[in-house]
Amino acid sequence: MKFSPIILTLSLVLMTFFSYQIIGCSPTGPTEIPDEEASDSTPTDEPTEITIASGTLSLSASQTSVLSDNSDSATITAIVLDDNNAVVEGVRVTFSTSGGQLSASTAITDANGEAKINFSAGTVEQSNQTVTITATVTNLTPRQIPIQVTGTTITLSPTGTTSLEIGGSDTATLTILVQDAALKPIYDAEVVFSVDSSSTGAATLSLTTGNTDVNGQLSVTVTGTSVGNVTVRATALGASATKEYTIGSTGNVFRITSPAVDPSSLQIGNSLLINVAAPDQSTVDFATTVGVWDGGGSNYVNKPVVGGVVSALLSSSLAGVATVQVFDADDPTTTDFITVAISAAASDASQISLQTSSSVVAKSVGDVSNTATLTATVRNASSQVVGGAPVIFSIDNPTGGGETVSPVIVYTDGFGIAQSTFTSGSLSSGAEGVTITAKVLGTVFSDSVSIVIGGTSGSVVIGTATSAVSINNDTAYNLSSSVLVSDSNGNAVAGAEVSLNLWPIEYNTGFWTDDCDPILTGTYDNEDSNRNLILDAGEDVGTDPGHGDGELTPPLSAAGTVPATVTTDANGIANFNYIYLKQYAVWINTEMTASTTVQGTETTSTLTFTLPYVVPDACFLNASPFNSFDQPYVNIDTPADGASFGLGDAITFSGFGFDAQDGLLPDSSLVWTSDIDGQIGTGTTFSTTTLTVGVHTVTLTATDSDSYTGTDSVTITVSP
């Protein structure tokens with residue numbers, strides 16, 4: 001069948017018309033939707049910001065306090081009303097606070113006239129405090145509301161009352177622990193120690209201020225100086241706690257005189273004599289939480305005082321940690337105590353269990369060392385802990401990549417525990433891991449754990465920028481740093497809290513040359529060998545620079561500062577600033593440690609490096625603050641020690657001297673001598689052809705402006 005052109009054209013027009021009707025459109029555009037339908041489907045526009053000429057502003061909070069660990073928040077609500085007490089939409093409210101953290105500094109009132117923000121303690125300062133939040137609106141009277149930040153606590157140990165004698169070496173160590181509302185230790189919290197004015201006696205404190213270590217702890221030594229009662233107060237971050245001391249004259253103080261070590265150790269089957277000085281008491285009560293007294297069946301006994309002293313024997317058939325306390329029977333507030341760790345004899349060891357802090361450890365590469373803590377617990381056949389048992393650690397199937405366990409042999413403490421550290425090597429172990437075995441030395445009793453090197457169940461890696469940036473009016477450097485946390489599949493772990501720690505492991509002596517290059521004249525271990533920030537016996541001794549001055553070298557602050565914790569973003573990365581003073585650049589070797597928990601396993605990464613400097617600063621930086629002021633440093637550059645020459649050869653000698661006060665010493669201060677030919681030259685460099693045949697010990701002697709001398713020597717051979 002054939003159609004005329006007119007019919008075909010008409011058909012196409014009709015089809016087009018019906019098509020527009022089907023899809024809800026007209027040939028000229030979309031069909032409009034009635035207003036009542038649009039109101040259900042079109043989002044409401046943001047309110048237009050306005051300025052109110054007059055009215056009232058009110059302020060309220062959903063709760064009156066927040067916790068210092070930043071775990072909760074209060075909703076702060078500002079309401080704007082006009083002169084008719086009607087709510088006003090679209091007014092900008094500005095918020096500020098004297099402390100803590102706001103979620104925003106401004107907000108626009110909604111249809112209810114409300115502008116809301118959140119307030120939390122934040123992470124900058126974890127003090128117990130009352131902060132004031134202020135809301136401001138143009139042309140209206142500002143409003144304020146107080147919010148308390150609470151939960152930070154101070155714990156002092158030991159607790160109770162401690163007795164001290166005047167004179168001699170009788171001192172007491174008081175340790176403070178600062179924690180936030182979640183009982184997490186607070187690092188670098190400033191602590192102030194003082195003796196309350198209400199004290200009837202007197203005592204001196206080894207320090208009046210200090211900052212807590214990474215465990216949230218700081219210790220002070222208390223020494224009695226005047227008879228009476230002394231109250232020592234510790235204050236930190238808005239929290240305070242006190243410790244009581246009874247100070248008496250020599251031989252006139254109620255106290256446990258032996259054992260002198262606290263905590264002390266006691267083996268099952270033995271007895272521990274507890275001696276008490278009781279100068280004014282007639283009877284003394286002995287009590288213990290574990291064990292019995294004088295071979296009887298009671299954990300309490302009352303003993304008469306004879307000649308100002310009284311004793312009792314502590315024994316136990318069970319292992320445990322005993323708190324031993326003695327009281328004046330007529331005045332229970334007069335008391336003293338000691339801790340005793342009770343364990344089975346080492347010869348009774350019949351079982352050992354080994355645990356690791358992490359079953360998977362990343363490879364150690366370059367300066368980054370990754371570790372796991374090995375904890376062995378030794379018990380006897382009755383499952384009582386065994387003290388004094390030697391435990392030897394070994395790696396059964398090493399990869400050859402340099403993994404280590406150190407120390408190798410450890411004796412269990414009074415709690416039956418021996419700990420060592422596993423450090424991974426540069427090679428992966430494969431899925432089977434390496435096997436670490438802990439064995440009770442001299443027995444067949446052992447236990448093993450496997451540690452996978454390389455494929456981590458969770459890993460954390462530390463990185464730093466390639467260069468530092470000068471800050472704080474050119475007194476300090478900022479070395480931008482970051483940590484990356486990933487899971488077993490290499491996926492980023494968001495929201496991981498990473499703890500950061502710094503430690504100045506070594507300090508360097510040295511100076512800058514005229515060419516602005518650093519010269520290191522020596523490297524020395526941190527005097528604080530146990531890292532407790534306390535000057536213990538055996539520390540600060542010897543002739544090395546900084547030793548013998550009564551202080552720990554270097555100070556912890558020499559390593560600089562990093563945030564106590566950082567939290568990773570969606571990419572598993574947390575960026576932070578590493579700040580340190582310019583005077584320590586080059587002269588401090590620092591250890592930065594990052595630790596976090598991923599998939600239930602704690603993992604740690606450590607980066608060791610020398611604090612960098614910015615090259616343009618080199619000519620203006622100071623010599624090492626750890627240089628000795630007594631003796632110049634001397635160095636012979638050429639010839640090399642052991643070099644050989646022929647008779648008549650031209651031999652070039654070069655070297656230098658440096659003094660901490662004078663800097664590089666002038667040529668007139670440098671004298672070269674041979675043990676065969678005597679003085680052979682002066683200055684930083686010279687040449688000679690006149691050395692006689694033989695083996696010469698050539699010495700360069702430098703003399704500073706205070707007439708102190710330093711030397712360096714080399715041995716050379718001149719052959720016929």
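Each value in this text was obtained by applying a stated rule to the coordinates, not by laboratory testing. These numbers come from a predicted model, not from an experiment. No Cβ is skipped: glycine too gets one built from the backbone with ideal geometry, and neighbour counts run over all protein chains shown.
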### Query
What is the distance in Å between the Cα centres of segment 653-720 and segment 263-298?
69
### Message
Net charge around residue 189, counting only other residues with Cβ within less than 13 Å of its Cβ (Lys, Arg = +1; Asp, Glu = -1)?
### Response
-4
### Message
Using only the alpha-carbon atoms, how far is helix 5-22 inclined from the longest principal axis of the chain? Give it as 0 to 90 degrees, nearest 10.
### Response
50
### Whichever aspartates and glutamates have a C-alpha closer than 13 Å to that of residue 184, once near sequence neighbours (fewer than 8 apart) are set aside
69, 213, 497
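Applying 1/(1 + (r/R0)^6) with R0 = 56 Å to the Cβ-Cβ distance of residue 687 and residue 426, what FRET efficiency is obtained, to the nearest 0.05? Working shown, then result.
Details: r = 47 Å, r/R0 = 0.83.
After rounding, the FRET efficiency stands at 0.75.
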#### Entry: aspartates and glutamates with Cα under 14 Å of residue 582, excluding same-chain neighbours fewer than 8 positions away
474, 617
### Task
Give a residue-ordered list of calculated ³J(HN,Hα) values for segment 214-220 (Karplus: 6.51 cos²θ - 1.76 cosθ + 1.60, θ = phi - 60°; whole Hz; x for Gly, Pro).
5, 8, x, 10, 8, 10, 9
### Query
What residues qualify as long-range amide H neighbours of residue 122, i.e. H under 5 Å apart, gap of 5 or more or another chain, H built at 1.01 Å from N?
70, 101
#### Entry: Virtual spin-label span in nm between residue 535 and residue 353, 7 Å along Cα→Cβ
4.4
### Task
Collect residues whose amide H, placed 1.01 Å from N in the peptide plane, falls under 5 Å from the amide H of residue 163; neighbours closer than 5 in sequence don't count.
246
### Query
Got the relative contact order for the chain handy, in percent, Cα pairs under 8 Å and 6 or more residues apart?
6
#### Entry: Taking the convex hull of Cα positions in segment 224-306, its mean projected area over all directions (nm²)
8.0
### Task
Within the set of other residues whose C-beta is less than 9 Å from the C-beta of residue 470, count the net charge using Lys and Arg as +1 and Asp and Glu as -1.
-1
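What dipole magnitude, in Debye to the nearest 20, does the chain give about its Cα centre under +1 on Lys/Arg Cβ and -1 on Asp/Glu Cβ? Write out the running numbers ahead of the final one.
On the way: 14 positive and 71 negative charges, 349 e Å.
Using Cβ point charges on Lys, Arg, Asp and Glu, the chain gives about 1680 debye.
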### Task
Name the long-range amide H neighbours of residue 588: under 5 Å, sequence gap of 5 or more, or other chain; modelled H, no Pro or chain starts.
508, 611
### Task
Note the per residue figure in Å³ for the convex hull of the C-alpha positions in the chain.
398
